[in-house]
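Asks: Let me give you the structure first, and then I'll get to my questions.
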Amino acid sequence: MPRSPITVLILITGAAWRAGTRTSDPNTRIASKLKALYSAIEQEPIPDTFLDLLERLDRAEQLGKPQS
């Protein structure tokens, strides 16, 4: 089961802290955490329910097009 974005952010924050990537600039910390979160979410598989919805929408779109 994929982890929630919040769980990923907490894990990334802890790992960055342990790795010594601490900085006093809050904007740099926020940017770094957001980039890491986006990267982690980007690697998650697309849920089957979402893929099914996209397929159904494609079929409905094809059925709605006039025949040439």
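Asks: Quick one: in region 42-54, which of the residues that are of a type in the set (Asp, Glu) and surrounded by fewer than 10 Cβ atoms within 10 Å (Cβ to Cβ) is nearest to SER4 (Cα to Cα)?
Replies: GLU42
Asks: Of (1) at pLDDT below 90; (2) within 13 Å of the chain's Cα centre (by Cα), PRO45 satisfies all except one. Which?
Replies: (1)
The values are calculated or read from the model by the stated rules, or taken from the named source; none is laboratory data. Given the structure is predicted, the values throughout are model-derived calculations rather than measurements. Methodologically, a virtual Cβ is constructed for each residue, glycine included, from the backbone with ideal geometry; neighbour enumeration extends over all protein chains shown.
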